[in-house]
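Notes follow once the structure below has been shown.
The values are calculated or read from the model by the stated rules, or taken from the named source; none is laboratory data. Since the model is a prediction, treat every value here as computed from it, not as a measurement. With ideal geometry, Cβ positions are generated from the backbone for all residues, glycine too; neighbour counts draw on all protein chains shown. Calculation scope for accessible area: heavy atoms of the full protein, side chains included, ligands and nucleic acids excluded. Shrake-Rupley method; radii C 1.70, N 1.55, O 1.52, S 1.80 Å.
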Amino acid sequence: MSEVFIAELRRLQWERIASLVEKERMAAYLPSRDSRAIRYETQRLQRLTADVAEAERSGVAVPEIRRHRVYRIDAGPTADGPSPDMSAAVVHLMAASSGEAAARAWTIHGGDGGLHGRGGYRIASVQQVLPEPGEVF
C-alpha cells in the first residue's frame, strides 16, 4: 500500500464519522451509535474468540492474538551493496507484529531472488501506520 492510499483510507474513515456525527446530531462521536463500529467490534471479538479457542486446542497457555496491522518498512542501501547510488526503499505490508513485518519484507524484497537481492539493503525502521483493519475500516 502506498502512503497516499493509506492517507486516503484514513480521510474516508474520518469523513464517514463526521457525516454520522452530523446526521445523528451527536455532540461527540459515540461508537455505540455507529453501526459500522459495532460491526467491526463484533468481528474483532469473533477473531479474539477464535484465537483463544485455537490456543486452548493447541495447549498454549497464553493465546497469541492475531491482529494484522499495516506497517511501513523503510530500508536503505548498505555500504557493501551492489551500487552505492541505490535509493532508499519503502514497503507497506500487513502483519501481526513489527518483527513479522520486517521478516516478511526481507523474505519478499531482500532475500536471494527477492526484489533487491541479499546484502543490498538493510531495514532502517518499521512503523505501524494503520490499526487493525476491523477496527478502522
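Take the residues of the range 36-54 that are free of Cβ contacts under 8 Å to residues at least 24 places away in the same chain and of a type outside the set (A, V, I, L, M, F, W, C): which is farthest from GLN13 (Cα to Cα)?
GLU54
Can you find, within the range 5-29, the residue that is most open to solvent (accessible area, probe 1.4 Å) among those that are among the hydrophobic types (A, V, I, L, M, F, W, C) and within 15 Å of the chain's Cα centre (by Cα)?
PHE5
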